[in-house]
Amino acid sequence: MKQLLLVGSPNSGKSMLFNRLTGMNQRVANFPGITVDTSTGPAVGRSDLLVVDFPGAYSLTPLSGEEQVAVDAFYKLLDVPVGHIEAVVCVVDATRMEKGLVFALQVREACRRAGHPVMIVTNMHDVLERHNQSVDAEGLSQRLDMPVIPISAKSGVGVDQIITRSGQGIEVPKSELKEDLIAFDASVFRNLAESLANEFGPKGDYLLLVHNRADQFFLSTLTGGLSFLLIMFLLFQAIFSWAAPLMDGVESLIGLTADSVLPLIPSGMLHDFVKDALFGGLGAFLVFVPQIFILTLIVGFMEDSGYLARAAVICHRPLRAFGLTGKSFVPMLSGVACAIPGIYAARTIESPRRRWLTYFAIPLMPCSARLPVYGLLIVAFIPNESLLGGAVGLQGLAMLAIYLFGIVMALLIVSLLSRVKAGKGSDLPFVLEMPPYRLPGAKTLGQLAWSRSGDFVKRAGPVIFWVSVVVWVLGYFPNQGANLGESWLGAIGKFIAPIFEPIGLDWKYGVAIIASFLAREVFVGTLGTLYGIEGAEEEFTSLAQQIQDSGISLASGVALFVFFAIAAQCVSTLATLRRESGSWSLPAGLFVGYGVLAYSLAFVAFTLIVGD
Amino acid sequence: MSQIQCANLWQMKRGIQSVIEGFTPALDAAVKARLEELGFHQGARVLCTQAPRLGAPKLYKVGNAVYSLEKTIAECVIAHPVTSE
Ligand SMILES: Nc1nc2c(ncn2[C@@H]2O[C@H](COP(=O)(O)OP(=O)(O)OP(=O)(O)O)[C@@H](O)[C@H]2O)c(=O)[nH]1
Ligand SMILES: [Mg+2]
């Protein structure tokens with residue numbers, strides 16, 4: 001199979017082009033360094049051609065870990081016999097020609113030496129056209145002795161040209177660009193790129209002027225600070241208020257399905273299983289998927305509009321005080337959706353020490369797997385009342401408080417750790433390219449949110465299903481669900497009960513907490529199954545209602561909140577941390593440390609409230 | 001006067017254009033190389049487009065891209081202001 005390699009500067013549109021060429025759905029976003037691993041897929045209509053999407057790099061002499069990955073992978077792929085690579089495609093953002101050309105020239109030279117064909121693709125021509133600008137592709141092509149194809153990955157114009165042209169066979173560039181070009185001398189490439197961009201590229205800085213006005217607004221102390229707070233407020237408002245109708249919808253849907261399916265099954269073991277494990281366990285968790293959808297949608301919007309890079313600038317100073325950097329902001333915000341993409345996003349942090357500290361902050365961010373737990377506890381413990389004449393809901397406020405608690409804990413712990421692990425002078429500094437402001441594409445965002453929610457269900461669903469099954473079997477036998485306390489699970493539960501007694505929780509919560517160490521959301525499913533078995537009623541009752549009826553105290557509720565806010569209960573997060581940090585010591589330390597801290601603080605919270 | 005003649009990028013106010021003269025010896029070689037690749041090389045014209053207060057990183061336009069640089073690094077770039085045309 002022949003290969004087509006897509007390389008280029010960060011944020012030049014490689015992944016969008018990759019999606020066009022392969023019909024796949026890779027993550028595209030307006031922030032440099034979104035792609036952190038190579039991905040591959042066959043070209044549409046050319047099943048013999050494998051397209052490879054690379055992480056962006058500014059140069060072939062890497063500075064950060066993410067670039068090292070890209071550069072190493074690139075050289076490794078170049079190291080194949082001549083003929084295996086149909087073409088190396090340098091994607092250059094035509095609105096920022098100079099920067100892209102520096103890299104393209106380096107790639108051209110590397111390909112020339114390795115004997116592989118190479119071409120330049122100037123992307124974003126839709127933007128240029130809107131401003132009556134163009135690129136002299138013909139002239140540039142002649143000067144560099146390689147094809148130059150203008151395209152718009154967004155509209156698709158020119159994309160088929162790439163495949164056609166590479167299929168015709170491209171000559172490996174023969175000429176050296178300068179006689180004296182011995183090493184990858186930065187200044188030679190730079191000067192050449194500058195003069196080429198001036199000669200063949202678009203004229204003027206029209207775009208930057210518009211963006212500068214927006215920067216003036218979003219970065220100045222007053223308007224910038226206020227808009228930052230407003231945007232964060234809207235983000236949380238959306239998750240908790242706007243998602244509510246959707247969640248209610250899903251809940252009624254599950255209820256309706258349960259009501260219409262259950263009567264069809266003759267009462268007995270199967271009936272009980274479907275009711276308790278399927279509708280009770282899995283159903284309780286599905287209710288929270290809309291929240292995850294909305295969260296991804298909004299974070300995606302912020303990222304694609306170009307705002308996130310500005311937010312990183314605004315947050316740099318404050319985060320610095322805790323030992324982090326502005327670049328920790330994006331991983332941490334992604335962590336609000338899910339820790340795993342957050343951990344990957346931390347690759348953009350050049351300084352190893354700051355990256356390490358960011359790893360500690362991410363698992364404390366209130367991730368969407370905590371949402372089902374928080375959501376359940378809030379409905380169960382916080383009355384649905386509103387303050388200030390209906391403007392602020394008490395439940396929403398509680399959610400905000402628990403979110404802030406997680407974030408504050410993250411910052412406190414990280415700043416403590418940074419004191420302990422001080423020094424190590426060679427911190428790489430904060431340099432971040434500002435992407436242009438853009439109106440995000442509805443399709444890109446929708447796809448992203450859809451696939452993220454889908455991934456979430458796919459990843460968590462089977463785990464929850466099997467845990468629900470196991471919990472149900474253990475809880476149902478040997479007495480056919482007649483008495484949960486006397487079941488096998490009851491016996492196990494009583495054994496572990498002393499652990500949870502100090503925070504006022506009975507053994508059912510103990511079992512659910514133990515199960516939730518696989519993944520937090522399992523807590524909801526497990527509890528749903530347990531109450532399902534216990535409850536005699538045939539109707540599908542909401543889990544929150546059942547918790548309320550069980551008479552558990554507010555102090556225990558708060559203890560649960562605190563425990564879930566801190567404990568690192570997620571196997572996938574720990575596995576990802578191991579992969580990214582290359583050792584078990586980080587995830588193991590984090591798991592034990594946060595576990596002990598979570599339990600201790602939960603105990604303190606419980607004692608304080610009970611003591612009142 | 002001499003202070004303005006030989007300043008660093010961090011001292012440039014919003015809207016001030018400057019020409020890079022070099023780097024302080026303290027600057028890490030790899031970081032220097034990266035800055036040069038991004039366009040912050042000797043003789044390059046740099047425009048400070050945003051200088052938020054409270055010590056936030058400043059924005060600098062060089063070539064046709066804009067980068068934010070934090071204080072510790074912008075201070076290592078020696079530059080002198082030029083009166084814009
Ligand atoms: N207007 C316009 N926007 C584009 C075009 N191609 C890409 N974009 C946008 O440019 C941004 C970056 O696109 P990506 O495909 O993520 O860029 P990338 O090169 O893969 O970036 P990294 O993975 O970070 O290196 C996104 O906001 C895209 O929507 C285009 O042809 N026209
Ligand atoms: Mg990409």
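The values are calculated or read from the model by the stated rules, or taken from the named source; none is laboratory data. Model, not experiment: these values are computed from the prediction. Don't worry about glycine lacking a Cβ; one is built from the backbone with ideal geometry, like all the others, and counts go over all protein chains shown.
Numbers for the structure displayed
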read-out: Residue B:60 touching a Ser or Thr at 6+ places or on another chain (Cβ under 9 Å) and of a type in the set (Ser, Thr, Tyr); value: yes
read-out: Qualifying residues in the stretch A:140-177 (those that are under 17 Å from residue A:100 (Cα atoms) and part of a helix (DSSP H, G or I)) - the one farthest from the chain's Cα centre (by Cα); value: A:143
read-out: Single residue of the stretch B:4-57 satisfying the filter (in contact with a His (Cβ under 8 Å, 6 or more places away or on another chain) and facing chain A (nearest Cβ under 9 Å)) that is farthest from residue A:320 (Cα to Cα); value: B:35
read-out: Residue match in the stretch A:15-25 (condition: within 13 Å of ligand 1 (Cβ to nearest atom), modelled with pLDDT under 90 and surrounded by fewer than 18 Cβ atoms within 10 Å (Cβ to Cβ)); value: yes
read-out: Residues of the stretch B:49-67 satisfying the condition of being free of Cβ contacts under 8 Å to residues at least 24 places away in the same chain and surrounded by 23 or more Cβ atoms within 10 Å (Cβ to Cβ); value: B:52, B:56, B:57, B:59, B:66
read-out: Subset tally (residues that are surrounded by 16 or more Cβ atoms within 10 Å (Cβ to Cβ) and assigned to a helix (DSSP H, G or I)) for the stretch A:564-602; value: 21
read-out: Residue identified as touching a residue at least 40 places away in the same chain (Cβ under 8 Å), under 26 Å from residue A:152 (Cα atoms) and either part of a helix (DSSP H, G or I) or touching a Pro at 6+ places or on another chain (Cβ under 9 Å) (or both) among A:71, A:92, A:51; value: A:51
read-out: Filtered residues of the stretch A:250-300 (kept if surrounded by fewer than 21 Cβ atoms within 10 Å (Cβ to Cβ) and in contact with a Pro (Cβ under 7 Å, 6 or more places away or on another chain)); value: A:250
read-out: In the stretch A:76-92, residue nearest to the other protein chains (Cβ to nearest Cβ) [restricted to those that are farther than 12 Å from residue A:56 by Cα and out of contact with any Leu (no Cβ under 8 Å at 6 or more places or on another chain)]; value: A:78
read-out: Among the residues listed as A:29, A:73, the single one being under 25 Å from the mean Cα position of the chain (by Cα), away from every other protein chain (no Cβ under 14 Å), buried (at least 20 other Cβ atoms within 10 Å of the Cβ) and more than 19 Å from residue A:161 (Cα to Cα); value: A:29
read-out: Selection status of residue A:52, surrounded by fewer than 24 Cβ atoms within 10 Å (Cβ to Cβ), β-branched (Val, Ile, Thr) and within 28 Å of residue A:438 (Cα to Cα); value: yes
read-out: First in the stretch A:391-412 and over 18 Å from residue A:602 (Cβ atoms), second anywhere and outside any helix (DSSP H, G or I) and of a type in the set (D, E, K, R), Cβ under 9 Å, 6 or more apart; value: A:393/A:385; A:394/A:385; A:395/A:385
read-out: Counted residues, the stretch A:109-126 - those being away from ligand 1 (no atom under 16 Å from the Cβ) and more than 21 Å from residue A:80 (Cβ to Cβ); value: 0
read-out: Flag for residue A:59 being within 16 Å of ligand 2 (Cβ to nearest atom), touching a residue at least 40 places away in the same chain (Cβ under 8 Å), within 14 Å of another protein chain (Cβ to nearest Cβ) and more than 21 Å from the chain's Cα centre (by Cα); value: no
read-out: Selection status of residue A:59, within 16 Å of ligand 1 (Cβ to nearest atom), in a loop (DSSP other than H, G, I, E, B) and at pLDDT 90 or above; value: no
read-out: Lone qualifier among A:318, A:266 - being free of Cβ contacts under 8 Å to residues at least 12 places away in the same chain and not in a helix (DSSP H, G or I); value: A:266
